[in-house]
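The values are calculated or read from the model by the stated rules, or taken from the named source; none is laboratory data. Nothing here was measured: the structure is a model prediction, and the numbers come from that model. Every residue, glycine among them, receives a Cβ derived from its backbone with ideal geometry; neighbour counts consider all protein chains shown.
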Amino acid sequence: AHLDRVAAVDGQLKAFLHIDRDAVLAQARSIDERRAAGEKLGPLAGVPVAHKDVFTTTDMPTTAGSKILEGWRPPYDATITRRLREAGLVILGKTNMDEFAMGSSTENSAFGPSHNPWDLGRIPGGSSGGSSAAVAGYEAPLSTGTDTGGSIRQPASVTGIVGAKPTYGGSSRYGVIAFASSLDTPGPFARNVLDAALLHEAFSGHDPMDSTSVPEAVPPVVEAARRADVNGLRVGVVKEFAGEGGQAGVHARFNETVELLESLGAKVVEVSCPNFEYALHAYYLIAPSEASSNLARFDAMRYGLRVGDDGTRSAEEVMALTRAEGFGPEVKRRIMLGTYALSSGYYDAYYGKAQQVRTLIKRDFDRAFEQVDVLVSPTTPTTAFPIGERADDPMAMYLADLWTIPANLTGNPAISVPCGLADEDGLPVGLQVMAPVLADDRVYRVGAAVE
Ligand code: GLN
């Protein structure tokens, strides 16, 4: 049924970069065989899942939305890919994304943008926009994404679905093509909170292959999603994100949702996080710095594309030609920003300063969680914007993640759940719920109560 749906609508949504009908059916049959042979499969066995094209897959290409990985076949599966195969899920295909997960709209994909099922002229969010479009457009019931600055929560918000960023280190980065290693966090997309929790639980847990993987047990997110009650829970409204700065219809739906939480028995208080306003600035030094280092591995020798290797050029020349042709403009902008920020003489002023801001933001979170159990805000300042509107204005694009970035800088878990449609344009609005590190269950509990 999902393959038929993809055949019917993907020509318009362009959510998938790779899908192979026969391979999908073969996987489904092999799961039937495993079940018939008595193997005990997980609760999601047989359910299709679409993977953001940043997770390595041995049987499908993995491009990270970039031309530079053209033709590359990963020799290994990401831990998340492997765990979901073992649990008996069928990989439906690989979804479109901003190149190396840099962006908020999928317009930075080397393969063209994906489209929002609510309005094909609008963006499905990004960078995991193929994954959000696939689930919102009923092409897949579940998908995976990665969230470095908001790339799961923002696309979930603008397509009216659920997207969660686990605690940093709670989901494995092994086999996830790196953007900014201290921020990158894989997580689930689904059309309801319980489905997202089931996927979260299916792929999470300690991974010895990821040095930043946390050793603690996976928080009981499925139980929390089933519980779905907020009675007596202390909910903090982040003052700095709640009052203004976004579209009127976004704030209206957010305020109603806060009232709903109160009517369900939550104790709502306003909380100030004064350093959150510096998060975006710190992020655009830290993320490009780490990216400039991570992307050095694309040297024309190890992976994919190689340009100008005709026997007359040096390795350096081939590398320069390959990187010039293989990387898109946003990736180049980040590499230059990051290289500049890390260069000797500037390191203390930029990267060092940004890390200090990160500590201040962590203190804001710690203080807030002395008073409340969760924090809430709108997920993103506006509903889905038209394709092209911010494509030539990187600063306007960066603002999409204004309210999601703090949780990345500190590793806190967060979710986006739909909370109605904006009056101005009838497009979905998302509620963001943030919790203390390793209290992922709380964001599912609150999300399930309001959905
Ligand atoms: N939009 C942000 C950026 O471009 C965040 C991306 C992400 O979370 N991967 O960096």
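Any residue in the range 259-268 that is part of a helix (DSSP H, G or I) and crowded, with 19+ Cβ neighbours inside 10 Å? So that I can check it myself, show each step before the final result.
So in the range 259-268, the residues part of a helix (DSSP H, G or I) come out as 259-263.
Okay, now just the ones that are also crowded, with 19+ Cβ neighbours inside 10 Å, so 261.
Yes, there is a match, as at least one residue in the range 259-268 is part of a helix (DSSP H, G or I) and crowded, with 19+ Cβ neighbours inside 10 Å.
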- Message: Contact list please: Cβ distance under 8 Å, first residue in the range 336-353 and in a loop (DSSP other than H, G, I, E, B), second residue surrounded by 12 or more Cβ atoms within 10 Å (Cβ to Cβ) and not β-branched (Val, Ile, Thr), pairs at least six apart or on different chains.
- Response: Tyr346/Tyr340; Tyr347/Ala341
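Is it the case that Gly112 is part of a loop (DSSP other than H, G, I, E, B) and either away from the ligand (no atom under 16 Å from the Cβ) or within 12 Å of the chain's Cα centre (by Cα) (or both)?
On the way: part of a loop (DSSP other than H, G, I, E, B): yes; either away from the ligand (no atom under 16 Å from the Cβ) or within 12 Å of the chain's Cα centre (by Cα) (or both): yes.
The answer is yes for Gly112.
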- Query: What do you reckon, is Asp366 part of a helix (DSSP H, G or I), free of Cβ contacts under 8 Å to residues at least 24 places away in the same chain, more than 14 Å from the ligand (Cβ to nearest atom) and surrounded by fewer than 24 Cβ atoms within 10 Å (Cβ to Cβ)?
  - Reply: yes
- Query: So, in the range 100-109, of the ones that are among the small types (Gly, Ala, Ser) and part of a loop (DSSP other than H, G, I, E, B), which residue ends up farthest from the chain's Cα centre (by Cα)?
  - Reply: Ser109
- Query: If you take just the helices (runs of 4 or more DSSP H) that sit entirely in the range 1-98, which of them hold at least 2 residues that are polar (S, T, N, Q)?
  - Reply: 21-36, 79-86
- Query: If you go through the range 288-300 one residue at a time, do you hit one that is over 30 Å from Leu402 (Cα atoms) and away from the ligand (no atom under 12 Å from the Cβ)?
  - Reply: yes
- Item | Some residue of the range 426-444 being within 14 Å of Ile123 (Cβ to Cβ) and more than 16 Å from the chain's Cα centre (by Cα) | yes
- Item | Residue among Phe254, Phe241 that is farther than 29 Å from Leu337 by Cβ and of a type in the set (Phe, Trp, Tyr) | Phe254
- Item | Residue count for the range 1-56, restricted to those that are within 19 Å of Tyr138 (Cβ to Cβ), touching a helix residue (DSSP H, G or I) at 6+ places or on another chain (Cβ under 6 Å) and of a type in the set (Gly, Ala, Ser) | 3
- With (1) under 12 Å from the mean Cα position of the chain (by Cα); (2) more than 11 Å from the ligand (Cβ to nearest atom) as the list, and Tyr174 as the residue in question, which single condition is left unmet? (1)
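Okay, residues lined up against (1) surrounded by fewer than 24 Cβ atoms within 10 Å (Cβ to Cβ); (2) closer than 23 Å to His200 by Cβ; (3) charged (D, E, K, R):
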| position | (1), (2), (3) |
| --- | --- |
| Ala36 | yes, no, no |
| Gly42 | yes, yes, no |
| Ala110 | yes, no, no |
| Gly130 | no, yes, no |
- Hey, Ser293 hits all of (1) over 20 Å from Met434 (Cβ atoms); (2) in contact with a strand residue (DSSP E or B) (Cβ under 7 Å, 6 or more places away or on another chain); (3) of a type in the set (Ser, Thr, Tyr) but one; which does it fall short on? (2)
- How many residues of the range 376-401 are under 24 Å from Glu259 (Cα atoms) and surrounded by fewer than 24 Cβ atoms within 10 Å (Cβ to Cβ)? The answer is 2
- Return yes when Ala407 is among the small types (Gly, Ala, Ser), within 14 Å of the ligand (Cβ to nearest atom) and touching a helix residue (DSSP H, G or I) at 6+ places or on another chain (Cβ under 6 Å) and no when it is not. no
- Failed item in (1) surrounded by 15 or more Cβ atoms within 10 Å (Cβ to Cβ); (2) at pLDDT 95 or above; (3) not in a helix (DSSP H, G or I), with Gly304 passing the rest: (2)
